[in-house]
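The values are calculated or read from the model by the stated rules, or taken from the named source; none is laboratory data. In this text the structure is predicted, and so the values were computed from the model without any measurement. Note that we place each Cβ from the backbone using ideal geometry, even for glycine, and neighbour counts take in every protein chain shown.
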Ligand code: XMP
């Protein structure tokens, strides 16, 4: 276990020594690891760091704004924000197979990133938020989903094509240490203690074909659920239900069902709420959320998100169900 202030000083000195006066490029995803890596490297070398943030249009509500606010306004980091929503939606049109969607999103992500990276002629380094468990995992296995996940997350393949040296300042740290480091570097605790979010984002939380209309509805429903989880405190532990769950989100079902609103009949989409508790994400129990929390959430979603008239709660554990629906 590290003493954080000392660790920060040591890590900064090491980055400065490694990089010298060369320029560094970093793919910022908004996730904990790349965010902490960006904050640390920026503390060490300031404007020698340029981050590229690719918005695939499948992020959570206001996520892009929050990333820009945190890094550009608050920390003064140089960030290139690429809104590639149209491009991703175009490639995803007509595709409904989950693995096919993942492949498209991953491939497109690398392409957009590479295009931006190619413009930064002076970059000599590619920084990544690789953490210790990633190092172990990729050493242990070269097949399966876990590696596919990492290769997407860490924008695999880029060093070869761009001829960049790898800078991985979090390689020795476990997740909890990365979080402490993030807080020590001034990142907002809500960002650092956030639930994991898959690289393909809402792309795997919209069942079947992805459409912008669906993503817009899902984002709003999901944000209401997360807000209610954050605002509901469990009296026994004093913790919020957000902190008592490992992952929680809404899933968009492209199915219409009948409802009533005022004098009229509605025929609108359904969302499922998913909340799980797990220590390793390999197995997971569905969370026994308080009924009052579920009731407030469903009431708000149905009232506030026109286009959704029914909310269900997923009571499946993993295995045999997975955490995500795709
Ligand atoms: P499942 O659904 O397999 O999810 O039980 C286990 C954990 O992995 C995350 N997950 C992904 N993360 N790209 C990612 O970066 C993916 O394609 C992907 N699929 C699942 C999921 O959110 C959960 O934390």
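Considering 73, 128, 66, which residue is at pLDDT 95 or above and exposed (fewer than 12 other Cβ atoms within 10 Å of the Cβ)? Give the steps one after another, and end with the answer.
Details: 128 fails: exposed (fewer than 12 other Cβ atoms within 10 Å of the Cβ); 66 fails: exposed (fewer than 12 other Cβ atoms within 10 Å of the Cβ).
When all the criteria are applied, what remains is 73.
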Taking the stated definitions as given, is residue 36 modelled with pLDDT of 95 or more, crowded, with 20+ Cβ neighbours inside 10 Å and touching a strand residue (DSSP E or B) at 6+ places or on another chain (Cβ under 7 Å)?
no
Regarding residue 104, is this residue part of a helix (DSSP H, G or I), out of contact with any strand residue (DSSP E or B) (no Cβ under 7 Å at 6 or more places or on another chain) and either over 17 Å from residue 130 (Cβ atoms) or outside the structural domain of residue 129 (by TED's automatic domain parsing) (or both)?
yes
The condition from (1) in contact (Cβ under 8 Å) with a residue 24 or more places away in the chain; (2) surrounded by 13 or more Cβ atoms within 10 Å (Cβ to Cβ) that residue 283 misses is numbered (2)
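Right, residue 313: exposed (fewer than 13 other Cβ atoms within 10 Å of the Cβ) and either within 16 Å of the ligand (Cβ to nearest atom) or more than 24 Å from residue 97 (Cβ to Cβ) (or both) or not? Before you say what the answer is, go through the steps one by one.
Working: exposed (fewer than 13 other Cβ atoms within 10 Å of the Cβ): no; either within 16 Å of the ligand (Cβ to nearest atom) or more than 24 Å from residue 97 (Cβ to Cβ) (or both): yes.
No: the conditions fail for residue 313.
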- [ ] State whether the residues of the stretch 167-187 include one that is in contact with a strand residue (DSSP E or B) (Cβ under 8 Å, 6 or more places away or on another chain), over 18 Å from residue 67 (Cβ atoms), within 16 Å of the ligand (Cβ to nearest atom) and modelled with pLDDT of 95 or more.
- [x] no
